[in-house]
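The block underneath contains the structure these notes are about, expressed in structure tokens.
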Amino acid sequence: MVNLLNNMFIPFRSCNFYLTFSFSLVSFVFLSTFAFTEEEKKFQLQVYLTKKQAFEIAFPGADKIKKERLWLTKEEIRAIEEIYMYKIYETRFTFYTGIKNGKSMGSMLIDNIIGKSFPITFMTVLNTDGTVRDVEIMVYREPQGWEVRYKSFRSQFYGKDTSSNSNEILSISGATLSVRAIKIGVYKAMAAYKILYLDK
């Protein structure tokens, strides 16, 4: 009798399991889609500089701009991470170097780094000695924190190099995550330039 009852309930339990599983799956997909939609609503594309405009700012009056795509060795990755103090996931860096009268005007790296939810596109311009000459926000996608594009913030990086303390860069109220992202990005650019150019 007990066996008979168990056999009767097996299909019911199996059906109940699949119903529960299906409901959980649907709920997860719905909630995930809702959360993504909410983030989408916050998305605000603000283009401040095109690539052409960025080149004009980085290398005014340049005769030509040389593009160098540098693939990283394991040793170079380790060396950059040691200076940078963060793990990097890039396998290559693309630097642009302005040339005027046959001489280098310095180099520029365009990068994307996540602010709070969306990537910030920015450029770091470096002098030939590896110090920062300029930092510019090219595309901003967050609904807040856009104050990082102000020169009063960006100018704090001018003259910095890999030996500079990043804690000297002052934050901005309401833009903490964006400030942190730009700091991390600029110091990554400096570390990469040092290993790929200055230490060669």
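The values are calculated or read from the model by the stated rules, or taken from the named source; none is laboratory data. In this text the structure is predicted, and so the values were computed from the model without any measurement. Please note: Cβ atoms are built from the backbone with ideal geometry, for glycine as well, and neighbour counts cover all protein chains shown.
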Provide a single number: the residues in the range 124-144 that are in contact (Cβ under 8 Å) with a residue 40 or more places away in the chain, in contact with an Asp or Glu (Cβ under 8 Å, 6 or more places away or on another chain) and over 12 Å from I113 (Cβ atoms). 4
For K183, indicate whether it is touching a residue at least 12 places away in the same chain (Cβ under 8 Å), assigned to a loop (DSSP other than H, G, I, E, B), crowded, with 17+ Cβ neighbours inside 10 Å and touching a Ser or Thr at 6+ places or on another chain (Cβ under 9 Å). no
Those residues of the range 47-74 that are farther than 21 Å from I120 by Cβ and touching a Gly at 6+ places or on another chain (Cβ under 7 Å) come to a total of 3
Name the single residue, out of those in the range 123-150 being assigned to a strand (DSSP E or B) and among the β-branched types (V, I, T), that is surrounded by the fewest Cβ atoms within 10 Å (Cβ to Cβ). V139
Qualifying residues in the range 100-122 (those that are in a loop (DSSP other than H, G, I, E, B) and under 22 Å from the mean Cα position of the chain (by Cα)) - the one farthest from D134 (Cα to Cα): S117
Among the residues of the range 70-89, how many are basic (K, R) and either surrounded by 10 or more Cβ atoms within 10 Å (Cβ to Cβ) or in contact (Cβ under 8 Å) with a residue 60 or more places away in the chain (or both)? 1
From K66, K87, which residue is charged (D, E, K, R) and either in contact with a helix residue (DSSP H, G or I) (Cβ under 8 Å, 6 or more places away or on another chain) or outside the structural domain of A181 (by TED's automatic domain parsing) (or both)? K87
